[in-house]
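The values are calculated or read from the model by the stated rules, or taken from the named source; none is laboratory data. Computed from a predicted structure; not experimentally measured. As a convention, Cβ positions derive from the backbone with ideal geometry for all residues, glycine included, and neighbour counts pool all protein chains shown. The protein model used for the area step is the full one, side chains on, heavy atoms only, and it has no ligands, DNA or RNA in it. Shrake-Rupley method; radii C 1.70, N 1.55, O 1.52, S 1.80 Å.
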Amino acid sequence: MAELNEVIHQTVRLRIVAALAALEADARVDFTYVKNLLKLSDGNLGAHLMKLEEAGYLVQEKTFVERKPRTYLHLTTEGRTAFEQHVAALKAILGDGSLGG
Amino acid sequence: MTSISPEEAREALADIDQVARQTRRVVAGSQMGPILLLWGVIWMIGFTLSFLFPREAARIWMVLSGAGLLTTAVIGIRHHRQKMVESAQARQLMGQLAWFWLAVMAYAMALTLLIPRKNGVDEMTLIVCIMMLAYVLMGIWLRSPILVVIGLVVTVATLAGRAWIPHRYFMLWMAVFGGGGLFFPGLYVKLRWK
């Protein structure tokens, strides 16, 4: 049986991962875009991203777009799998064993 | 090991669902909203001008359609250059959608040229129904109920207008229900999907 993931379970991190997992598997999303979408501050989002990156669930890529610095966020395969297992564990608690987001 | 109550699990799942839906909406709406607004305005102008200057209708639609296609391309390119969400899969889908619409327009053009029709009302009904079929198919393809609803509502309004509105006022009817049928959902998407 899938277990709850302690890194992902925290409310803000759960929302970050849920947002990234909702997009295509190869999607890279701009930091500011996620910040505005989830209505978070730079510092708050940055801190949670660090935790997710340390766990190997997310990659932050710093690059330049039209000479302006940009940070892109990408959910790793491990991150996507961990999220799916976390969702399965939540459903199991409710007595619904089906997988999915 | 983390342990939570069923109520907390239910709340977490609801939160995941809400964030996932919001994310997909924001990503889709950032491009879909402006394009619906644009074509809503084009249809309102086109049908109103066709009502006022029926003899110039073909020329009016040629100019407006060309301008619309060009502006749609500009919106797409600008959206792509902002690079808020990058995905090879999404880019591939955009390419497929562009071909899909080219095919729809080619069919619409060929059918109106090759199939004899009695009047401008029949011609417009045929074109609008083909375009709205494309909206329905695109909605099913992209799992976007709003596109399916727009397609069905505008099709029904068009067929109702053809059947019951005096032909002289059909173009005005279409300016309101055809143009409005695209414009107002576009406005809704732009204002609410963020």
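Assorted remarks:
- Relative contact order [Cα under 8 Å, 6+ residues apart], segment B:6-192, whole percent: 38 percent
- Ranking by accessible area, most exposed first, for B:LEU133, A:LEU40, A:LEU20 with a 1.4 Å probe: B:LEU133, A:LEU40, A:LEU20
- Relative contact order %, chain A, counting alpha carbon pairs below 8 Å whose residues are six or more apart: 34 percent
- Inter-site label distance for B:VAL149 and A:LYS39 at 7 Å from Cα along Cβ, in nm: 2.3 nm
- Shown here for segment A:1-67: trypsin sites (Lys or Arg not before Pro) in loop regions (DSSP other than H, G, I, E, B) with at most 15 other Cβ atoms within 10 Å, namely A:LYS39, A:ARG67.
- Here the ratio of the Cα radius of gyration of segment B:69-140 to 2.2 N^0.38 Å is 1.39.
- Size of the protein assembly as shown as Cα extents on the principal axes (Å, biggest first): 74, 49, 30
- In a reduced charge model with +1 at each Lys and Arg Cβ and -1 at each Asp and Glu Cβ, chain B shows a dipole moment near 500 debye about its Cα centre.
- Computed E for B:TRP164/B:PHE53 - FRET, C-beta separation, R0 22 angstrom, nearest 0.05: 0.35
- Virtual spin-label span in nm between B:LEU187 and B:LEU69, 7 Å along Cα→Cβ: 2.9 nm
- Take the Cβ atoms of B:LEU93 and B:SER5, set R0 to 30 Å, and the FRET efficiency comes out at 0.15.
- Given charges at Cβ of Lys, Arg, Asp, Glu: segment B:6-192 dipole, positive-most of B:ILE42, B:GLY95, B:ALA28: B:ILE42
- Residues A:THR11 and B:ALA106, FRET efficiency given R0 of 51 Å [Cβ-Cβ distance, rounded to 0.05]: 0.50
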